[in-house]
1. Of the conditions (1) free of Cβ contacts under 8 Å to residues at least 60 places away in the same chain; (2) buried (at least 16 other Cβ atoms within 10 Å of the Cβ); (3) more than 14 Å from chain A (Cβ to nearest Cβ), residue B:6 fails just one. Which one is it?
2. I want to confirm something. Restricting to the range B:22-38 and keeping residues that are under 23 Å from residue A:248 (Cα atoms) and more than 7 Å from every other protein chain (Cβ to nearest Cβ), which single residue is least open to solvent (accessible area, probe 1.4 Å)?
3. Restricting attention to helices (runs of 4 or more DSSP H) lying wholly within the range A:1-95, give those where 2 or more residues are under 29 Å from residue A:277 (Cα atoms) and in contact (Cβ under 8 Å) with a residue 12 or more places away in the chain.
4. Among the residues of the range B:16-37, count how many are closer than 30 Å to residue A:316 by Cα and either touching a Leu at 6+ places or on another chain (Cβ under 9 Å) or in contact (Cβ under 8 Å) with a residue 40 or more places away in the chain (or both).
5. For the range B:81-97, give me each residue that is surrounded by 11 or more Cβ atoms within 10 Å (Cβ to Cβ) and among the β-branched types (Val, Ile, Thr).
6. Inspect all residues belonging to the range A:391-409 and state whether any of them is β-branched (Val, Ile, Thr) and either open to solvent by 10 Å² or more (accessible area, probe 1.4 Å) or not in a loop (DSSP other than H, G, I, E, B) (or both).
7. Just to be sure before I move on: is residue A:377 open to solvent by 10 Å² or more (accessible area, probe 1.4 Å) and either within 25 Å of residue A:121 (Cα to Cα) or within 14 Å of chain B (Cβ to nearest Cβ) (or both) in the structure I sent?
8. Output the number of residues of the range A:199-231 satisfying the condition of being within 14 Å of chain B (Cβ to nearest Cβ) and out of contact with any Gly (no Cβ under 6 Å at 6 or more places or on another chain).
Amino acid sequence: MLVWAVKKKYSIFTLLKNAFSNNENWQKMWKSPEPKKSYDVIVVGGGGHGLGTAYYLAKEHGIKNIAVIEKGWIGSGNTGRNTTIIRSNYLWNESAFLYDHSVKLWENLSQELNYNMMFSQRGVMNLAHNEHDIKEMKRRISANRLNGLDTQWLETKDIKRLVPIMNTDNLRYPVLGAAFQRRGGVARHDAVAWGFAMRADEMGVDIIQNCEVHSIKTKNGKVEGVKTSKGFISAKKVAVVASGHTSVLAKTAGVRLPLQSRPLQALVSEPIKPVINTVVMSNAVHAYVSQSDKGELVIGAGTDGYNSFTQRGGYDVIEETVRAIVELYPIFGKMKMLRQWGGIVDICPDASPIISKCEVKGLYFNCGWGTGGFKATPGSANVFAHTVANDEPHKINAAFNLERFSDGRLIDEHGAAAVAH
Amino acid sequence: MILINCPYCGERDQSEFSNGGEAHVARPENSENLNDKDWGQYVFYRDNPKGIFYERWVHSHGCRKWFNAVRNTSTDEILAIYKLNENPPSKENFTNTLKTPSGEPKVGSGNFTVKK
């Protein structure tokens, strides 16, 4: 009952109560403790995946002595920089199970965390612009249906009914159809970080912000802890979930990962009235767009063609995307873009993630999500927590190991990853 | 957006070029004796440093010639450009602007041309 008393609940009544006090008396969602000398598990990286890992470690595996160490503020990396698209229509069985595990967790996450994820299953559409697209997508739809996913084929007239503003025929690459997953959608990116952080904090997880991990210390092939800007912290296990910086940190522990870090950009427009009520993606002309609840168009651009850690990105990449957007949706032609930003994504040779232990005992990596990690946040965190707690992968992430880059069992998802890798 | 000084054509916009990844990766000469792990290293693993990086570029929309460059991946500043038959400049010639492996430079991408 004590747990019940300290648990931060959100309801219409707390909302009303705080409205009358000028919203000044909301409780702090998480503490900001100084780091202890040692932990059972240190999670490096306070994004959605890292905070979720800490949450599931505490909730499902009974490990309470955990720290999440974040260089900036939580959710300040790619969790706060993506276009929040959620779907699971991947080709191979391994990926379909992993991403759909995540979608299923998303479906109940607001209730589980008592925090509104604003998860909106408005459907995700992948456009086909040529004969090859049609064949590839129909094959993927069939594969999806065999795996129990709700992907379906849409003819151009169905697309037009769902998105009347789309120009389907009067353009260089006409829209010939689309793969559509109705259970896909969008969610609030900050909410997933904050929700996991709050509930992990309640279970005793230390969330340490503004603390940069400089290196991972190992001895005799076993992890000892991390050196940080707040001194050395020892740990029995270290779980690295640092997206673009994973390979930099892995190198300090003598581990080499098959990752390349590149900027991936996104931009939002000025807010307008509701005009597009689904998510539309196109690989061939490289444009994807959805409309946020505030009314902004959220547009995803591509990656830069070279390795970089600049969180900025090249202008020509945006130009290419905006050109495609304007051709597909002529009515957006005169809109103004409000903001543009870049995040550093870690790209794997087969466009699938690595959720794995490595040759150093007690060191775990959850990385390589490339351009599409947000959709997998709860699922990835859930199976990664299992991997860290048991020193064995969950059956869902067993195939996403490091050994696949020597035994050749790659999970090639270049076709299903929306942004060309 | 960065400018790249092609050793054959002069300074052009980066969008004219394509990146060829890490430079100086030699194909193993004893490939018949390599085990799967070492072969995997050659096929899939490339360096991904934050800071000084030796890489290849090709002027795809120009002379279509390949050349090498040394670039600081934390700022995108190009520190040196040399032809394929030239020896790579020593790493000591360049100062890494980062104090820690995952640190941030004072000035980010592109800004260095403005702030200098």
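The values are calculated or read from the model by the stated rules, or taken from the named source; none is laboratory data. Owing to the predicted nature of the structure, the values given are computational and were not obtained by experimental measurement. All Cβ positions, glycine included, derive from the backbone under ideal geometry; neighbour counts span all protein chains shown. Ligands, DNA and RNA are excluded from the accessible area calculation, which covers all protein heavy atoms including side chains. Shrake-Rupley method; radii C 1.70, N 1.55, O 1.52, S 1.80 Å.
1. Tallying (1) free of Cβ contacts under 8 Å to residues at least 60 places away in the same chain; (2) buried (at least 16 other Cβ atoms within 10 Å of the Cβ); (3) more than 14 Å from chain A (Cβ to nearest Cβ), residue B:6 fails exactly one: (1).
2. Top of the filtered list is B:23.
3. A:48-60
4. 6
5. B:81, B:97
6. Narrowing the range A:391-409 to residues β-branched (Val, Ile, Thr): A:396.
Applying the additional criterion that residues be either open to solvent by 10 Å² or more (accessible area, probe 1.4 Å) or not in a loop (DSSP other than H, G, I, E, B) (or both) yields A:396.
Among the residues of the range A:391-409, at least one is β-branched (Val, Ile, Thr) and either open to solvent by 10 Å² or more (accessible area, probe 1.4 Å) or not in a loop (DSSP other than H, G, I, E, B) (or both), which makes the answer yes.
7. So residue A:377 fails the test.
8. 13
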